[in-house]
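Below: the structure, in structure tokens.
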Amino acid sequence: MLAGIDVGYSDVKAISGDRRSAFASVVGSPDQAHFSLSSNGHGIMLTAPRRVLVGEEAVTQSRFLNRREDRGWIKSEEWRDLFLAAVSELTTATSVDLDVVTGLPVAFYDDKGVVQEQLVGEHRVQREGRHAQLVRVGQVRVIPQPFGSLLSEVLNDRGEIADEALGKSAVGIIDVGGKTCNLLSVNRLTEIGRETSSVNVGGWDLVRGVRAWLSDEYPGLDDMRDHRLSEAIQSRELRYYGKPVEEFSAIVDDLAADLADQVVAEAGHLWNGGAMLDAILVTGGGALLLGDLIQSHWPHARLVKDPVAGNALGYYKLAKRVF
């Protein structure tokens, strides 16, 4: 099996063939509702290699959560749980031979060997109500995260170059993630190292800014869990004692504009204003919040077709090409 798996600080995205999955990058204690008539939410209860709840229902149900933003999390049990949960979403087969392409933030790309060491070999995973799965990971290719979104635009589903013009162009990619904003410069599908960097800001900074405002203006709402507050920010809707917080949307817009200005300033400095680039692609989950603001600064900037899953889709297409 070939797969593209993007284990992000905010969400996990996984693609293999026509199978797709996305869930919150949250691992929590294995607490569950005793009764429910709702089928909403996306929870994954792992019983092996350890018993944890993963995904949306962990945000809702778990008494204790683990959501990390540090560089060393690729060595953690939580990161392994998220990766194996992603594999279990893509297949129910009890025996799986897997070749995978994944990615790391630009600033952490030197750790690609650590990721390969973590993944290559045999892994056992089991979900509640399912048979155990033996996953044998063979080949692992690790690329800078934003490169995935460029490949999602350049390659077709067979891993062949479909957009030759873009493949031969000088392209800047702005990947707005949860912890970092990756700025990648590529010419003819080759990274330009001196024009590539990472800004230590992302979607979670916006969440923290909104939380600080809520703490002052709407006590009690500031205790919302990160992913729930993130959902409210994306929808621009929040209720306080059953009534809409009318100024919430304006506060989000103001904070998002400040964050976008910081990203644009860094990218403009790195790319000498961006005039020599043929195109600027905006991707990542944060692109849904900042995309319009970033695009307004450059006439040749645009969102990729699927900014949330763009990296994972590019990883999968590259897996088809190289494996």
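In the distance distribution for segment 215-257, Cα-Cα pairs more than 16 Å apart total 33 percent. Dividing the Cα convex hull volume of segment 126-189 by residue count, how many Å³ per residue is that? Output value, Cα hull per residue: 148 Å³. Rg and Dmax of the chain, both derived from C-alpha coordinates alone, stand at 19.8, 59 Å. Subtracting the Cα-Cα distance of Tyr218 and Arg71 from their residue separation scaled by 0.36 nm leaves 49.6 nm. Take each peptide in 59-65, 142-148, count the other Cβ atoms within 10 Å of every residue, and average; sorted highest first, the result is 142-148, 59-65. Counting Cα-Cα pairs of segment 171-234 in 10 Å increments starting at 0 gives whole-percent bin shares of 21, 36, 21, 16, 6, 0. Cut-off 12 Å, label point 7 angstrom out along Cα-to-Cβ of Arg302: give me the residues of segment 247-291 whose amide nitrogen falls inside. Backbone N within reach: 279-282.
A viscosity of 0.692 mPa s and a temperature of 37 °C, combined with the Kirkwood radius over C-alpha pairs in the Stokes-Einstein formula, give segment 136-260 a diffusion coefficient of 190 µm²/s.
The largest-to-smallest principal axis extents of the Cα set in segment 101-154 are 37, 25, 18 Å. Treating each Cα of segment 12-110 as one equal point scatterer and applying the Debye formula with no solvent, the log10 of I(q)/I(0) at q = 0.12 Å⁻¹ comes out as -0.42. Using the Cβ-Cβ distance between Gln116 and Ala165 with R0 set to 30 Å, the FRET efficiency works out to roughly 0.35. The ellipsoid equivalent to the alpha-carbon distribution of segment 187-272 has semi-axes of 34, 12, 11 angstrom, derived from the gyration tensor eigenvalues as √(5λ) and listed largest first. Computed over every Cα-Cα pair of segment 231-309 and binned at 10 Å starting from 0, the pair-distance distribution P(r) comes out as 18, 42, 26, 11, 3, 0 percent.
Where a number appears in this text, it was derived from the coordinates with a stated rule and is not lab data. Keep in mind the model is a prediction, meaning the values are calculated, not measured. As a convention, Cβ positions derive from the backbone with ideal geometry for all residues, glycine included, and neighbour counts pool all protein chains shown.
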